[in-house]
Structure formats: C-alpha cells, structure tokens
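Let me begin by presenting the structure, written as structure tokens, before commenting on it.
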Amino acid sequence: MGTPEDDGWINAEDYDGYIPFESKEENEKRLAALHEKQAAANIVGDCPACGTHVIEREKGFFCDNMECHFALWKNNRFFQAIGKEMTREVADDLLNCGTVKLENCVSKRTGNKFSCYVDLTLDEEERPHFEIRFPQKKRRRE
Ligand SMILES: [Zn+2]
C-alpha cells in the first residue's frame, strides 16, 4: 500500500485524515505532540505492578507496558456483585489512592445496602485483588 509520506503528508493512525505541514519533520513533531495529548487524556494513573501509565480503553483500564498484564476490566464481577461498576472514577481512585469509597452498594446475595471502601492490592501474580473494608465510625478529634 502506498503512503503519502513522500509529498510531505503523513498518516496519523488516530486522526481521521492527513495533516499537512511544511516538512515531514514538522508533521512528525506535530503528530507526536497530538498523540501525547491524546494519550494523556486517557491516562488514569500509574500501574501498581510496574509503574507505567494505565490507559483507559474500551473494555477496561490497561497498563501501557506491553510486558505487563495489569488490567482493571470494566466488566468486573467483584464490583457487579455489590451493584457497582468499574468506572473511570473508580479506577482513578484505586490507582491513585489504592482504595475507593463506594456508597449505596447493594449486596446481590442479601439485598442489603451498605457503604464500604474497596482496597486494591496485587496477588502473587500481580493481578488485581479487591477487598471490602468497612469505614470506621466517625470520631471527633478536637
Ligand atoms: Zn504495569
């Protein structure tokens, strides 16, 4: 397949069309900046396994390191079992704070409503492990 690179146009995978600039170098520079910006918009946090960025994709939040298999799937049974979803906000808290506070959870088993924290840790194979923790009663500190 022919590419239009020779005449100073360059194809951007993530861009619908071609971006014309004076030189091929200029195009590449602009595209690199564009890709960086696009990638930055999808960075949710740092991978707890390897420290690389975790990127939001269609089916979940995946480590950008090809050799690392860390992923938080949007279709997540642990969260579904308490009536919650792995949203970007949830993934954000988990990756950046190691925990997320969830209110109005509903136990699929008992139907009870509750609030809790869900802590994220890694198992021996560096896969995400979730654990429910109940908030401690508020204490006045004065
Ligand atoms: Zn990773």
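Label sites at LYS29 and THR99, each approximated as a point 7 angstrom past Cα along Cα to Cβ, lie 4.8 nm apart.
Taking label points 7 Å from Cα along the Cα-to-Cβ direction, THR121 and ARG109 give a separation of 1.9 nm.
At an R0 of 22 angstrom, the distance between the Cβ atoms of ASN65 and HIS129 translates into a FRET efficiency of 0.70.
Residue separation times 0.36 nm, minus the C-alpha to C-alpha distance between ALA40 and PHE78: what's the value?
Values: separation 38, 0.36 × 38 = 13.68 nm, distance 2.80 nm.
The ALA40-PHE78 span can extend by a further 10.9 nm.
What net charge is computed for the residues neighbouring LYS108, neighbours being all others with C-beta under 13 Å from the C-beta of LYS108, Lys and Arg scored +1, Asp and Glu -1?
Values: positive: ARG77, LYS84, ARG109, LYS113; negative: none.
Taking every Cβ under 13 Å from that of LYS108, the sum is +4.
Here is the list for segment 42-142: trypsin sites (Lys or Arg not before Pro) lying in DSSP coil, each with at most 13 other C-beta atoms within 10 angstrom of its C-beta, are LYS59, LYS108, ARG109, LYS137, LYS138, ARG139, ARG140, ARG141.
Annotated for segment 43-133: lysine pairs at least 8 residues apart or interchain, Cα distance under 12 Å, count 5. Between ARG57 and THR87, the modelled labels are 2.4 nm apart [label points 7 Å from Cα along Cα→Cβ].
Bear in mind these aren't lab numbers, they're just calculated from the coordinates by the rules spelled out. For clarity, every value in this text was computed on a predicted model and none was experimentally measured. Every residue, glycine among them, receives a Cβ derived from its backbone with ideal geometry; neighbour counts consider all protein chains shown.
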